[in-house]
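What follows is a single structure, written as structure tokens, with notes after it.
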Amino acid sequence: MYERAKTVEKLSLYVDGQWRPASNQSYFDSVDPYTGQVWSQVPSATAEDVDVAVRAAHRAFTSGPWAEMTPTHRGRLLYRLGDLIAANAEKLGELEVRDNGKLLAEMLGQMRYLPEWFYYYGGLADKIEGSVTPAERPGVTHFIRYEPIGVVAAISPWNSPLVLTVWKLAPALAAGNTVVVKPSEYSSASMLYLAKLFDEAGFPPGVINVITGIGRETGDALVNHPLIDRIAFTGGEAGGRAVYQAAAKSFKRVSLELGGKSPNIVFEDAHLEDAVKGAVAGIFAAAGQTCMAGSRLLVQDTIYDAFVERLVAFAGSAKLGDPMQADTDIGPIATPPQFQKIMDYIEVAKAGGATCVLGGERATGPGLDTGLFVKPTIFTNVTNDMRIAQEEVFGPILSIIKFRTEDEAVQIANDTAYGLAAGIWTQDLDRAINLPARLRAGTVWVNAYRVVSYLAPFGGFKNSGIGRENGKEAIREYLEAKSVFINTKRGVPSPFVMRLPSVEQG
Ligand code: NAD
């Protein structure tokens, strides 16, 4: 039985290698979504704190040990950080659960996998190779070198706080940038704990800074700071739009990882038991609070009734409860505004004409009354033009849509403003190979769902974002290409052709 600490921890900002409170000494509460109790107090960084952090990162970028460090040495620091995360995985996972209420099993899995990002990008640090182009002019050598962009602002959401920050941090550091991280106001603790490991790993002061605070205040001050060169943002549409507009003002480089309304498509030739599990994992894992949630389930008409029956029975068997306990399947909703949004969307679905065949209400009872729980909810008779099929809920709400042919499935799947991910359940080899190319989404899974890897670029088409994280592609997103021309031939021609002495004399 897991025992939660009773004391309320007061956290500090991590700036230029030092721990400090916010300049105006203000804090906000972080609430454990399961107990409903305040468990930590988080500093609310002011614009002045943001300025100090960005200037520290700028100093570390332009001079000092980090600026002079070889890429191989940088890579070794990333390796060491990976080892320290592995040694502290349980603590980090526990902190995340206290902040966002996701299952400990899932957060532990994430934390144990997290070092791979530092090993992969640590290894890549000294393999960022430029190139020499073929000679095009006599005596002129041209080569391309890749250089870090500068100071990166890394802004992350609450649903997978460390994973989504590390997707930015590891490639940004491997490429030689410095970073100011702003975690979500709902989940700052794990990032601040990670900051303790930066020192231990040997990162010089100022290379990584962590400031905490509200998005529209601290986050806004960060993305508008003139010394920020690159913004890496994961979050919702409103925040993403604000960040993109702020970046546009001074042409800051930007990547955005935003929301989704991903289709999970079940064909009649699917392995049905796997497809049921995949549909449930796609939407009810993490109580649907994941950007890649398979929130639109497209089921072929020939298997529709039997499939929905099995799905409802399986989803209905989920055990809701304390996310720290190993036998819990679904934990609480992370925040009161998120809970309210989900409840509102249940009404939107009903008003739109969808039929609720499972859940559709708050779950209460023993072990469920301190937190905000929503029963796994399934709507049938959904058409793709309904709001419940078009708008991101970020909760345990599944909309099922019937289709007849593969062409119709493709048309429905792509008929959305988003394009983050898609799932296909089929045993037909041709379909498994050919269909992914027809789906307008950054990731397509066949007979799987919610698989990510440090090796695999992740990001969205359309409104789901700009740019890619993970894999070799991601490191390019933290580099500038520079062309260098070297002329080895003496006797540079005069730019003023008509007044060349030889011409005048001749
Ligand atoms: P959010 O946009 O409210 O907040 C995300 C982060 O942005 C937080 O740190 C917040 O403080 C900050 N922020 C908000 N407004 C800002 C502003 N104006 N300027 C600067 N910073 C600002 O999102 P959330 O509620 O924390 O997370 C849920 C959303 O994130 C969902 O839409 C989900 O789909 C998306 N998400 C996307 C991915 C992905 O990889 N595509 C992954 C996880 C979550």
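The values are calculated or read from the model by the stated rules, or taken from the named source; none is laboratory data. Bear in mind the structure is a predicted one, so any value in this text is a computation, not a measurement. Don't worry about glycine lacking a Cβ; one is built from the backbone with ideal geometry, like all the others, and counts go over all protein chains shown. For the accessible areas, the whole protein counts, side chains as well, though only heavy atoms, and no ligand, DNA or RNA atoms are used. Shrake-Rupley method; radii C 1.70, N 1.55, O 1.52, S 1.80 Å.
In segment 1-53, which residues are among the β-branched types (V, I, T) and more than 19 Å from L222 (Cβ to Cβ)? If you could, list the steps in order and put the result at the bottom.
To start, the set of residues in segment 1-53 that are among the β-branched types (V, I, T) comprises 7-8, 15, 31, 35, 38, 42, 46, 50, 52.
Within segment 1-53, T7, V8, V31, T35, V38 meet the criteria.
Could you please find all residues in segment 239-274 being part of a loop (DSSP other than H, G, I, E, B) and near the ligand (Cβ under 7 Å from one of its atoms)?
Once the filter is applied, which keeps residues that are part of a loop (DSSP other than H, G, I, E, B) and near the ligand (Cβ under 7 Å from one of its atoms), segment 239-274 yields L258, G259, G260.
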Looking only at residues that are among the aromatic types (F, W, Y) and over 16 Å from the mean Cα position of the chain (by Cα) in segment 148-202, which one is least open to solvent (accessible area, probe 1.4 Å)? F198
Looking at (1) closer than 17 Å to L298 by Cα; (2) touching a residue at least 24 places away in the same chain (Cβ under 8 Å), find the lone condition where Q411 falls short. (2)
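Of the residues that make up segment 436-452, is at least one within 16 Å of the ligand (Cβ to nearest atom), of a type in the set (K, R) and more than 21 Å from A286 (Cβ to Cβ)?
Checked against the condition, which is being within 16 Å of the ligand (Cβ to nearest atom), of a type in the set (K, R) and more than 21 Å from A286 (Cβ to Cβ), segment 436-452 yields at least one hit.
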Which numbered condition in (1) among the aromatic types (F, W, Y); (2) closer than 27 Å to A154 by Cβ; (3) within 16 Å of the ligand (Cβ to nearest atom) is the only one that F339 fails? (2)
Given the conditions (1) without any contact (Cβ under 8 Å) to a residue 40 or more places away in the chain; (2) open to solvent by 50 Å² or more (accessible area, probe 1.4 Å), which single one is not true for V276? (2)
Single unsatisfied condition, V163 versus (1) away from the ligand (no atom under 16 Å from the Cβ); (2) in a helix (DSSP H, G or I); (3) among the aliphatic types (A, V, I, L, M): (1)
Of those in segment 118-147 that are basic (K, R) and outside any helix (DSSP H, G or I), the residue most open to solvent (accessible area, probe 1.4 Å) is R137
Would you kindly identify the helices (runs of 4 or more DSSP H) lying entirely within segment 53-117 that contain at least 2 residues that are of a type in the set (A, V, I, L, M) and touching a helix residue (DSSP H, G or I) at 6+ places or on another chain (Cβ under 6 Å)? 71-87, 89-100, 104-113
Out of all the residues in segment 336-379, which are closer than 24 Å to L95 by Cα and either of a type in the set (F, W, Y) or open to solvent by less than 10 Å² (accessible area, probe 1.4 Å) (or both)? F339, G371, F373, V374
For segment 41-50, check the following and say yes or no: at least one residue is assigned to a helix (DSSP H, G or I), touching a residue at least 12 places away in the same chain (Cβ under 8 Å) and surrounded by fewer than 19 Cβ atoms within 10 Å (Cβ to Cβ). yes
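Has segment 206-215 got at least one residue that is open to solvent by 10 Å² or more (accessible area, probe 1.4 Å) and modelled with pLDDT of 95 or more? Outline the logic, then answer.
Here is the first cut: in segment 206-215, the ones open to solvent by 10 Å² or more (accessible area, probe 1.4 Å) are 214-215.
With modelled with pLDDT of 95 or more added as a condition, the list becomes 214-215.
Within segment 206-215 (the criterion being open to solvent by 10 Å² or more (accessible area, probe 1.4 Å) and modelled with pLDDT of 95 or more), the answer is yes, since at least one residue qualifies.
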Identify the single condition in (1) under 21 Å from L398 (Cβ atoms); (2) outside any helix (DSSP H, G or I); (3) not aliphatic (A, V, I, L, M) that G278 does not satisfy, given that it satisfies every other one. (2)
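Pick from A281, A287: which is open to solvent by less than 20 Å² (accessible area, probe 1.4 Å) and over 18 Å from G460 (Cβ atoms)?
On the way: A281 fails: open to solvent by less than 20 Å² (accessible area, probe 1.4 Å).
The match here is A287.
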What do you reckon, is E129 out of contact with any strand residue (DSSP E or B) (no Cβ under 6 Å at 6 or more places or on another chain), farther than 30 Å from D32 by Cβ, among the charged types (D, E, K, R) and at pLDDT below 95? no
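Quick test for you: out of A238, A247, pick the one residue that is at negative phi, open to solvent by less than 10 Å² (accessible area, probe 1.4 Å) and not basic (K, R).
Working: A238 fails: open to solvent by less than 10 Å² (accessible area, probe 1.4 Å).
Answer to the check: A247.
In segment 184-200, what residues are touching a helix residue (DSSP H, G or I) at 6+ places or on another chain (Cβ under 8 Å) and under 26 Å from P65 (Cα atoms)? Quick ask: steps written out before the conclusion?
Of segment 184-200, the ones touching a helix residue (DSSP H, G or I) at 6+ places or on another chain (Cβ under 8 Å) are 184-191, 193-194, 197-198, 200.
Within segment 184-200, M191, Y193, L194, L197, F198, E200 meet the criteria.
How do the strands (runs of 3 or more DSSP E) wholly within segment 388-506 filter down when requiring 3 or more residues that are open to solvent by 60 Å² or more (accessible area, probe 1.4 Å) and touching a strand residue (DSSP E or B) at 6+ places or on another chain (Cβ under 6 Å): which remain? Explain how you work it out, then say what you get.
Values: elements: 397-403, 421-425, 443-446, 479-487.
Once the strands (runs of 3 or more DSSP E) in segment 388-506 are filtered for at least 3 residues that are open to solvent by 60 Å² or more (accessible area, probe 1.4 Å) and touching a strand residue (DSSP E or B) at 6+ places or on another chain (Cβ under 6 Å), what remains is 479-487.
Please verify whether V299 is surrounded by fewer than 24 Cβ atoms within 10 Å (Cβ to Cβ), over 26 Å from the mean Cα position of the chain (by Cα), within 22 Å of I346 (Cα to Cα) and away from the ligand (no atom under 16 Å from the Cβ), treating the condition exactly as stated.
Working: surrounded by fewer than 24 Cβ atoms within 10 Å (Cβ to Cβ): no; over 26 Å from the mean Cα position of the chain (by Cα): yes; within 22 Å of I346 (Cα to Cα): yes; away from the ligand (no atom under 16 Å from the Cβ): yes.
Judged against the criteria, V299 is not a match.
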